[in-house]
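> Structure incoming, see below.
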Amino acid sequence: MSHIADNLLAVQARIARAAQTAERTPDSIRLLAVSKTFPAEDVRAAFTAGQCAFGENYVQESLSKIEALADLRARIEWHFIGPLQSNKTRPVAEHFDWVHSVDRLKIAQRLSEQRPDALPPLNVCLQINVSGEASKSGVAPADAPALARAIGALPKLRLRGLMSIPEPAGDLEAQREPHRILRALFDALVAEGVALDTMSMGMSGDLEAAVMEGATIVRIGTAVFGKRDYAH
Ligand SMILES: *Cc1c(COP(=O)(O)O)cnc(C)c1O
């Protein structure tokens, strides 16, 4: 078995254990394997081991990987999770199934306009800044309801939920804090009638904390593919 297949089993076991602690069913939590900086062959190895949802951060890098794995396109779900500039929205609208990192109406409008008619609506999450001034990316929780409503009106997008990238924190209690903020915002939006089903939160270091606070998608890179080398 490849090290990636081993790692996937270990991550699934962590998800199952955390779900049990939280009294949730493990299949209410999807594993998104974050493959940024890793080659297409590693994605193929993960796919062969049963993984079918992959997260990418960089437009150029992801497009060459999607092309190299074109034979699997119908069976792989590609999620864009990185910062998105407005001049790069077209290839993302054309080649991805999900975008987790929408934090401005302008980006959402472009994605909707550029989404090909032949494809189903693009699934999107609002990236929420749960770390206050410590982080510059993501929309402030107070601004999320208006943005959610505006995005809900765009024809080629389907607003699925919220995403966050908290500042790293050491212990479980500290890790749960920002996830609680996302959870509270999610609950408030749902109470206002916004139909959401996705909380994208939790990475290799805080998966357990995220599952305890209700994550439905955990985005795991290092624990699946290994340590990233940004030199390539
Ligand atoms: C890289 C990345 C991840 C994965 O992080 P790991 O700590 O390697 O699991 C998750 N989410 C986003 C947005 C990322 O950029």
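The values are calculated or read from the model by the stated rules, or taken from the named source; none is laboratory data. As the structure is a computational prediction, the values presented were derived from the model and not from experiment. Note: ideal-geometry Cβ built from the backbone for every residue, glycine included; neighbour counts use all protein chains shown.
> Just give me the residues in the stretch 19-65 being over 25 Å from Val211 (Cβ atoms), of a type in the set (Lys, Arg) and more than 16 Å from the ligand (Cβ to nearest atom), in sequence order.
If the condition is that a residue be over 25 Å from Val211 (Cβ atoms), of a type in the set (Lys, Arg) and more than 16 Å from the ligand (Cβ to nearest atom), then Arg44 is the only one that fits.
> Restricting to the stretch 213-232, name every residue that is within 8 Å of the ligand (Cβ to nearest atom), of a type in the set (A, V, I, L, M) and within 14 Å of the chain's Cα centre (by Cα).
Result: Ile220, single match.
> So the check is Cβ under 9 Å with 6+ separation or different chains; which pairs have a first residue in the stretch 55-75 that's among the polar types (S, T, N, Q) and a second one that's away from the ligand (no atom under 16 Å from the Cβ)?
Gln60/Pro91; Ser62/Pro91; Ser62/His95; Ser64/Ala40
> Next question. If I ask for residues that are within 16 Å of the chain's Cα centre (by Cα) and either of a type in the set (A, V, I, L, M) or modelled with pLDDT under 95 (or both), which ones from the stretch 16-48 would you list?
Within the stretch 16-48, Ile29, Leu31, Leu32, Ala33, Val34 meet the criteria.
> For the stretch 195-209, give me the residue count where each residue is over 22 Å from Leu157 (Cα atoms), more than 8 Å from the ligand (Cβ to nearest atom) and free of Cβ contacts under 8 Å to residues at least 60 places away in the same chain.
Number satisfying all stated conditions: 3.
> Can you name every residue in the stretch 16-36 that is of a type outside the set (Gly, Ala, Ser) and either under 18 Å from Ala5 (Cα atoms) or in contact with a Gly (Cβ under 6 Å, 6 or more places away or on another chain) (or both)?
Arg30, Leu31, Leu32, Val34, Lys36
> Further, regarding this structure: Give me the pairs, please: first residue somewhere in the stretch 21-40 and over 30 Å from Tyr230 (Cα atoms), second residue anywhere and away from the ligand (no atom under 16 Å from the Cβ) and of a type in the set (A, V, I, L, M), beta-carbon distance under 6 Å, and either six or more positions apart or on two chains.
Partner pairs satisfying both residue conditions: Ala22/Met212; Pro26/Ala16; Pro26/Ala19.
> Looking only at the stretch 3-38, filter to residues that are over 21 Å from Arg180 (Cβ atoms) and in contact with a Leu (Cβ under 9 Å, 6 or more places away or on another chain); which one of those is surrounded by the fewest Cβ atoms within 10 Å (Cβ to Cβ)?
Gln12
> Which of the residues spanning the stretch 153-173 are away from the ligand (no atom under 16 Å from the Cβ) and surrounded by 13 or more Cβ atoms within 10 Å (Cβ to Cβ)?
Leu154, Lys156, Leu157, Arg158, Leu159
> Then there's this: Run Ala93 past the list (1) within 16 Å of the ligand (Cβ to nearest atom); (2) more than 14 Å from Arg219 (Cβ to Cβ) and report the number of the one that doesn't hold.
Failed condition: (1).
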